[in-house]
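The values are calculated or read from the model by the stated rules, or taken from the named source; none is laboratory data. Values in this document were obtained by computation on a predicted structure and should not be read as measured data. Cβ: placed from backbone, ideal geometry, glycine included. Neighbour counts: every protein chain shown. Quick note on the areas: whole protein, heavy atoms, side chains included, nothing else; ligands and nucleic acids left out. Shrake-Rupley method; radii C 1.70, N 1.55, O 1.52, S 1.80 Å.
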Amino acid sequence: MPNKDSVTLIDNRTGKEVELDLLKPTSGPMTIDISRLYKELGYFTYDPGFMATASCWSNITYLDGGKGILEYRGYPIEQLAEKSTFLETCYLLLNGDLPGKNELEAFQEKINTHNMLHEQLKTFYSGFRRDAHPMATMVGVVGALSAFYHDDEDVHDASDRMDAAHRLIAKMPTIAAWSYRYAMGMPFVQPRNDLGYAENFLHMMFSMPSSEYKVDPTMAKALDIILILHADHEQNASTSTVRLAGSSQANPFAVLASGIASLWGPAHGGANEAVIQMLTEINESDKDLAHFIDRAKDKEDRFRLMGFGHRVYKNYDPRAKIIREICHEMLENNPVSNPEHQALLDTAMELEKIALEDDYFKSRNLYPNVDFHSGIIFLGMGIPLNMFTVLFALGRTVGWVSQWNEMMGDPKGKIGRPRQLYTGESTRDYKEITKR
Ligand code: SDX
């Protein structure tokens, strides 16, 4: 009698049966362990885009797309957004639980130790065109950190891995802000240890040597919450990229650069920038919203409702709900100085309303995701459009390094090496050029 925590696969071609173990998670669906399948039946499995494939085990983040649940180390995102800070959330993701007062102070101290950049890194910026997209600069400069921290980094040493994690969390705000300052032709501003994480970033972005600059505390608070919401998200494309790149035991800074590159795409983290471009296109067009909704449904048209849909959430993205509230609060408290931003928000709200009532979107469970409203908040903060995905990378860095650290700490870890369904030519002999 097969054990109940298993499934039996019958090969209809040969009649052979194989019993595969069912792995029981803390939360989420039971998972079939197919690692013996190829050995037992000689078959691969095929799941393009990994729609239903668990690439790893993880203790870090749990999400339930059907119920719109997101938890970091078991803590619901709604509670962390309301009660925690981004720095405390970084400690939680990296270390597994919320820090005590002394632990948090020591962590803050650790991050402060590493938030400056090597003076020579400044020269890397001048190699970029002034109009380079800041994500291009981020990929380059973060990758370049691997030239500064390599020889004394042992990815198999837990303490070295923690050092790399602290350095990346600490340096990303400086690298990100300097990407903006370089593009604007403004002098780099050094981090300050008397400021909070989000506050320090805004200080490095907007302060000028010629005058006193005070960060708006409501803006710093809104950004801190947005960073919490972006901190981690299970095995999304960029995190899977980090895991795969890191599985070859590569330098962690180079590995993080691969995650930034993957996040940049408009189907992923680049969507927040693409949402504003879409809303602007709509507002500048003489066509009505129905025209764009129809285009989004037209398979022949590449136009999609950016900020809508999600591989996992088939319900409202819980992060989108929180960001939507921040968006409204910010625009209510600070009447938008720029009527264009208000017009974008009005269009976003109208688009959301129409889409949520439309059968095409309802039948496909297409809801606003984390990127739908975040861009409007960033605009309200004076963050330029091409910096939106940089801010996503700023938040997600702790998720990437936490997932990388978890993978590298697994004594049974292996290099990631997926197989394929080969559909190319059968074996054939070389043809001399005279015969082609
Ligand atoms: C992020 O994975 C993560 O966790 C990512 C993320 C994170 O925190 O790391 O949450 C961050 O990347 C959020 C997603 C940001 N991207 C966008 O907003 C871009 C617009 N969204 C789509 O490109 C799309 O929804 C994806 C890429 C997000 C998800 O694509 P899937 O899961 O591969 O779904 P699909 O393309 O198979 O779509 C299913 C159906 C299709 O129609 P049918 O073939 O069934 O007829 O829904 C349609 C799609 O055409 N569809 C859309 C749509 N998204 C899906 N139609 C119009 N507009 C859209 N936005």
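Between Leu331 and Ala147, what's the calculated FRET efficiency when r is the beta-carbon distance and R0 is 30 Å? Round to 0.05. The partial results should precede the final answer.
Numbers: r = 43 Å, r/R0 = 1.45.
For Leu331 and Ala147, the calculated efficiency is 0.10.
Which order, highest average first, do 425-436, 127-138, 197-208 follow once you tally other Cβ atoms within 10 Å for each residue and take the mean per peptide?
Details: 425-436: 5.4, 127-138: 17.0, 197-208: 21.6.
Descending packing order for the listed peptides: 197-208, 127-138, 425-436.
Between Leu22, Leu305, Leu227, find the one with the highest GNM mean-square fluctuation for the chain; connect C-alpha pairs within less than 10 Å.
Checking each option, the largest mean-square fluctuation is seen for Leu22.
Say we join alpha carbon atoms closer than 10 Å with springs in a Gaussian network model of the chain; which of Thr14, Thr123, Thr61 then has the biggest fluctuation?
Answer for the Gaussian network model of the chain: Thr14.
Report, in listed order, any pair from Lys67/Lys414; Lys299/Lys362; Lys299/Lys353; Lys101/Lys321; Lys110/Lys414 with a Cα-Cα distance greater than 24 Å. If you can, show how the numbers build up before the last one.
Working: Lys67/Lys414 33 Å; Lys299/Lys362 17 Å; Lys299/Lys353 22 Å; Lys101/Lys321 30 Å; Lys110/Lys414 31 Å.
Beyond 24 Å between Cα atoms: Lys67/Lys414; Lys101/Lys321; Lys110/Lys414.
What FRET efficiency would be calculated for the residue pair Ala136, Leu9, taking the C-beta separation as r and a Förster radius of 41 Å, to the nearest 0.05? Could you put the intermediate results ahead of the total?
Details: r = 47 Å, r/R0 = 1.14.
The formula returns an efficiency of 0.30 here.
Under a point spin-label approximation (7 Å from Cα along Cα-to-Cβ), what is the Lys297-Ser211 distance to one decimal in nm?
Reported label-point gap for Lys297 and Ser211 is 5.1 nm.
If the cut-off is a Cα-Cα distance under 13 Å, which aspartates and glutamates reach Lys83, setting aside same-chain residues fewer than 8 apart in sequence?
Asp224
For labels at Ala290 and Met30 in the simple 7 Å Cα→Cβ model, what's the distance in nm?
It is 5.0 nm.
What's the extension gain from Phe50 to Glu281 if we count 0.36 nm per residue and subtract their Cα-Cα distance? Numbers along the way, then the final one.
On the way: separation 231, 0.36 × 231 = 83.16 nm, distance 3.27 nm.
Value of the extension gain: 79.9 nm.
Based on the Cβ-Cβ distance of Asp358 and Asn338, what FRET efficiency does E = 1/(1 + (r/R0)^6) give at R0 = 45 Å, to the nearest 0.05? Intermediate results must be reported in sequence, preceding the final value.
Numbers: r = 30 Å, r/R0 = 0.66.
The calculated FRET efficiency here is 0.90.
Give the residue list of GluC sites (Glu not before Pro) in the stretch 233-300 that are DSSP loop and have at most 11 other beta-carbon atoms within 10 angstrom. Provide the component values of the computation, followed by the final result.
Details: sites: Glu234, Glu273, Glu281, Glu284, Glu300; in loops: Glu234, Glu300.
Qualifying residues, ordered by number: Glu300.
In nm, to one decimal, how far is the Met349 label point from the Thr113 one, both placed 7 Å along Cα→Cβ?
Computed distance between label sites Met349 and Thr113 equals 4.9 nm.
Considering only His291, His268, His341, give the residue with the highest GNM mean-square fluctuation for the chain, with springs between Cα atoms whenever their separation is below 10 Å.
Among His291, His268, His341, the largest mean-square fluctuation in the Gaussian network model of the chain belongs to His291.
Once you have the Cα-Cα distance between Asp194 and Glu78, take 0.36 nm times their residue separation minus that, and quote the gain in nm to one decimal. Let's see the in-between values first.
Numbers: separation 116, 0.36 × 116 = 41.76 nm, distance 2.78 nm.
Gain on extension, Asp194 to Glu78, equals 39.0 nm.
Could you size up the charge dipole of the stretch 190-325 around its Cα centre, putting +1 on the beta carbon of Lys and Arg and -1 on that of Asp and Glu, and report it in debye to the nearest 20? Could the numbers behind the result be given before it?
Working: 15 positive and 18 negative charges, 99 e Å.
That gives the stretch 190-325 a dipole magnitude of about 480 debye.
Carbon and sulfur: what percent of the stretch 169-208's accessible surface (1.4 Å probe)?
Working: 630 of 1130 Å².
Result for the stretch 169-208: 56 percent of the exposed heavy-atom area is carbon or sulfur.
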